[in-house]
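Below you'll find the structure, written out as structure tokens, and then a few comments.
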Amino acid sequence: MKDEVFKKVEDKTNVDKKTIVDLAKMVSDNGLKDEKTLRSVISKLSAMTGKKVSSEMEDKIINTILEDKIPKDVENMF
């Protein structure tokens, strides 16, 4: 990705390029099938955004990912 894209994301979210790259590496290194990695990513995203994720919601997110029930296109997500 070009640095301009990272700059735009950082300006809007206060999340720097290194953090984005680190999270992406975490997921790509371990895949989306490792529950421990998913919990860590959810926790980090929650802290970065200031949005609390309940244990129930975290479990639901993880189960959705592990059971491959994620919509394949954006139109089906909403």
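Quick notes on this structure:
- Any hit, segment 37-58, residues being assigned to a helix (DSSP H, G or I), at pLDDT below 85 and acidic (Asp, Glu): no
- All positions within segment 7-21 that are at pLDDT 85 or above, surrounded by 13 or more Cβ atoms within 10 Å (Cβ to Cβ) and touching a Lys or Arg at 6+ places or on another chain (Cβ under 9 Å): GLU10, LYS17, THR19
- Tally of residues being part of a helix (DSSP H, G or I), touching a residue at least 12 places away in the same chain (Cβ under 8 Å), more than 17 Å from GLU67 (Cα to Cα) and of a type in the set (Val, Ile, Thr) across segment 8-36: 3
- For segment 50-73, filtered to residues that are closer than 13 Å to LYS36 by Cα and among the charged types (D, E, K, R), the residue that is surrounded by the most Cβ atoms within 10 Å (Cβ to Cβ) is GLU58.
The values are calculated or read from the model by the stated rules, or taken from the named source; none is laboratory data. All values derive from a computational prediction rather than experimental measurement. FYI the Cβ positions are ideal-geometry reconstructions off the backbone, even for glycines, and counts take in every protein chain you see.
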